[in-house]
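Here the structure is laid out as structure tokens; the discussion comes afterwards.
The values are calculated or read from the model by the stated rules, or taken from the named source; none is laboratory data. All values reported here derive from a predicted model rather than from experimental measurement. Every residue, glycine among them, receives a Cβ derived from its backbone with ideal geometry; neighbour counts consider all protein chains shown. Heavy atoms of the whole protein, side chains included, go into the accessibility calculation; ligands, DNA and RNA do not. Shrake-Rupley method; radii C 1.70, N 1.55, O 1.52, S 1.80 Å.
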Amino acid sequence: MRYPNGKVYQAPQQKSPKKTTPVRYGKRGMHLEEMLNDSNDWYRLNGRAVIHKKPTPIQVVGVNYPSRAKVRITEAYYRQASTTDYNGVYRGYYLDFEAKQTKQKTRFPLNNFHDHQIQHMTECVKQDGICFAIILFSEQNEAYLYPFAMLKEDWQAYQNKEMASIPYQRIHDGGFAIDLSWHPKLRYLDAVDQYIQTLTKNKGSERCE
């Protein structure tokens with residue numbers, strides 16, 4: 001077949017489909033909170049533990065009453081939480097922990113914690129609660145359970161202006177690595193088991209004076 005100008009018609013070449021690279025779950029950038037909430041749902045549905053995220057308290061400052069049956073909040077703001085992010089029960093143990101993530105590769109800034117959170121965990125440990133922080137280094141795609149005893153030491157040094165961040169190596173060496181997977185997304189109870197074994201061997205090591 002030819003065009004009126006005499007040129008031979010050539011069918012347009014079809015582009016070959018682009019090659020796709022398999023996506024690793026851990027690189028998808030899901031926030032730590034989403035991963036933990038998903039994991040807690042999985043643990044609860046499978047009878048492993050009952051752990052929930054504590055709701056952030058809200059201060060309501062404006063309400064609209066269009067009718068008795070309909071009430072609308074028109075203005076509100078988040079108040080600073082007075083405790084930690086998560087708590088619950090696992091194997092008869094009370095767990096209470098804070099969850100944090102950072103893009104820093106070599107350190108974790110201590111200003112991500114607050115004095116009331118350290119105080120709350122101190123009080124829980126006095127009652128034999130199991131307290132810790134879960135820290136996610138998003139760039140390395142690594143998560144750790146960081147013992148409260150170590151966190152409290154760091155916090156005291158931070159208060160004394162002796163340090164501003166926890167070195168990555170300290171968290172890597174002193175914490176318990178958490179596997180990232182599909183179900184659950186964060187296998188942090190495996191790390192909790194290791195942590196409990198350590199506490200059992202060193203009874204009273206996390207008790208506060």
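Cross-link partners for K105 among the aspartates and glutamates, with Cα-Cα distance under 17 Å and sequence neighbours closer than 8 places in the same chain left out: E139, E142, D173. Taking a straight Cα-Cα cut-off under 17 Å and skipping sequence neighbours fewer than 8 places away in the same chain, the aspartates and glutamates within cross-link reach of K54 are E33, E34, D38, D41, D85, D96, E98. Applying the criteria of a DSSP loop state and at most 16 other Cβ atoms within 10 Å to the chymotrypsin sites (Phe, Trp or Tyr not before Pro) of the stretch 163-193 yields W182. If you sort T198, T122, T106, T83 by accessible surface, 1.4 Å probe, largest first, the order is T106, T198, T83, T122. Ignoring ligands, DNA and RNA, what accessible area per residue does the stretch 127-209 give at 1.4 Å, in Å²? In whole numbers, the stretch 127-209 has 51 Å² accessible per residue. Placing unit charges on the Cβ atoms of the charged side chains and taking the dipole of the stretch 119-209 about its Cα centre, the candidate lying farthest along the positive direction among W155, M121, A191 is M121.
Beyond 25 Å between alpha-carbons counts as too far, so tell me which of K100/K161; K152/K185; K100/K185 fall in that bin. The answer is K152/K185. Quick check on the stretch 105-183: take the gyration tensor over C-alpha atoms, sort the square-rooted eigenvalues as a ≥ b ≥ c, and tell me if it's rounded (a/c under 1.5), prolate or oblate. Since a/c reaches 1.5 but b/c is at least a/b, the shape of the stretch 105-183 is classed as oblate.
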